[in-house]
1. Looking at region 93-112, which of its residues are free of Cβ contacts under 8 Å to residues at least 24 places away in the same chain, part of a loop (DSSP other than H, G, I, E, B) and surrounded by fewer than 16 Cβ atoms within 10 Å (Cβ to Cβ)?
2. Suppose we keep only residues that are modelled with pLDDT of 90 or more and of a type in the set (A, V, I, L, M, F, W, C) within region 65-105. Which one would you say is farthest from S34 (Cα to Cα)?
3. Please go through (1) closer than 18 Å to K181 by Cβ; (2) assigned to a loop (DSSP other than H, G, I, E, B); (3) not hydroxyl-bearing (S, T, Y) for G275 and return the number of the only condition it doesn't satisfy.
4. Given the residues N215, N228, N254, which is the only one that is more than 30 Å from T297 (Cα to Cα) and not hydroxyl-bearing (S, T, Y)?
5. With the requirement that a residue be acidic (D, E) and farther than 23 Å from G176 by Cβ, what does region 289-330 give you?
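The values are calculated or read from the model by the stated rules, or taken from the named source; none is laboratory data. Keep in mind the model is a prediction, meaning the values are calculated, not measured. Cβ placement follows ideal geometry from the backbone for every residue including glycine, while neighbour counts extend to all protein chains displayed.
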Amino acid sequence: MRKSSTYCTMLIFVSISCMIFVIYADAQSSTNNSIDISGIYLSDKQTIYDVKQANNTVWILGTAAPNVKPSTIADIFSGTLANNNSKIIGKWIDSPLSNKSNGGNVDFDLLIDDSNNNNMTLTKNLSTSGSNNVYPANILTKYDPSLHGPLTIYVSMENLLVNEARAPTSDILYVGISGQKNNDNPLTATKYLGARGDGSNITTNLRIGPFIMNNENDSLKVEILGLNKADSTISFTIINLRDTLNQLMEPSYNISDLVQATNVIRSLSPGLIPGGCNGLVFIDEIPLSSEFLRNSTAFNEQHNIEKTYPGTTSPPGCGPPSEYVVKLSIMAQK
């Protein structure tokens, strides 16, 4: 009789617990959230994320690069909407089916365009703490076919400022810019700017592109070159400058400073840099990853790079070491 009584008591307790759970679950499911962020999102690394919202709960499933295995789950996030739907707070792990074991806390700032509710962006909060907090995406943007086609990039040499010319009074300037996506054929633009002295602020308007970045592993290498060369045939110098820039794309050439670059160029094109006050006033190689290009142009579609290039000591009778400031722009075309 005692066993029967105990059994009935336990049954009543379980029944009441189940009723409480059902009431709680029903209350949760009836929560009315004014937004729904569910959809397909594209990351800053061009990987695809599937976002599912159920009331205030948010699930984010990250996949492998779309050109590799679009159906492979790479990581899983579970969290909740907070701060009046302006933040998502939760935890993430690598896929349990993978050999990785990264995971930890991660928060996202949620931005919704008031004029277009379909324009949503989740930005990882870099101050998020947690073990192995290397969540593989920094920005997730809700997919829009009109916005998220392959990334189309143009690179321009916008402006030159001559703080100090190489020659005593003015430099006879030739400039060029070249870009190469992966191992494709380079695209090159060159220009003759004529005599320019100290303090000259020059709008160069040299642009190369388009470069179509449609793979997470794509890269773009940009070369820029400025040359002072007097008493020469303009067309001959322009052609040599273009050919030299294309040849400098070979990874074996080291142009980390003007002295090394001058030696390399003289081996490639002996007539491009004759003696006297002639010589390089700037040269640079700028590697750009697909991730950097997408991140740097994500909001205003343009990213500027400005660098100062000190020159080498000129031969006797020429001016002091030159100094040029070069401004480049990276533009994404939608």
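1. P96, N99, K100
2. This residue is I93.
3. Against the list (1) closer than 18 Å to K181 by Cβ; (2) assigned to a loop (DSSP other than H, G, I, E, B); (3) not hydroxyl-bearing (S, T, Y), G275 comes up short only on (1).
4. Numbers: N215 fails: more than 30 Å from T297 (Cα to Cα); N254 fails: more than 30 Å from T297 (Cα to Cα).
Every option except N228 fails the conditions.
5. E291, E301
Table: residues versus (1) under 28 Å from Y154 (Cβ atoms); (2) outside the structural domain of L173 (by TED's automatic domain parsing); (3) hydroxyl-bearing (S, T, Y).
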| position | (1), (2), (3) |
| --- | --- |
| S296 | yes, no, yes |
| N304 | yes, no, no |
| K307 | yes, no, no |
| G311 | no, no, no |
| P315 | no, no, no |
